[in-house]
1. Quickly work out the residue 40-to-residue 18 label distance, labels modelled 7 Å from Cα along the C-beta direction, and quote it in nm with one decimal.
2. May I ask you to order 12-19, 74-81 by the average number of other C-beta atoms within 10 Å around their residues, highest value first?
3. Based on the mean of other beta carbon atoms within 10 Å per residue, what is the order of 85-91, 41-47, most packed first?
């Protein structure tokens, strides 16, 4: 991916969805009309971090390039540089896929 011309603020991240497998574990191929949006993605950009009560910046627990799981209704869908992306808070991310 080319360098994104967008820098998230505070504890926000920009995530690109990773398409789910078209075939189920049993070998059944799902048509596009019944597919759910994937809840996995790759982090494209990360903000500097949020502030705690004393005003210190709290470092982010994720970095660009991490593969993450997030909630079904997490984030705001946007189109940047012709790509469909999500902007969400770090707290919407459930975990990093190793």
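Quick note: the coordinates plus some simple rules give every number you see, no bench work behind them. Given the structure is predicted, the values throughout are model-derived calculations rather than measurements. Every residue, glycine as well, gets a Cβ built from its backbone with ideal geometry; the counts of neighbours run over all protein chains shown.
1. Computed distance between label sites residue 18 and residue 40 equals 0.5 nm.
2. 12-19, 74-81
3. Most protected by this proxy first, the peptides run 41-47, 85-91.
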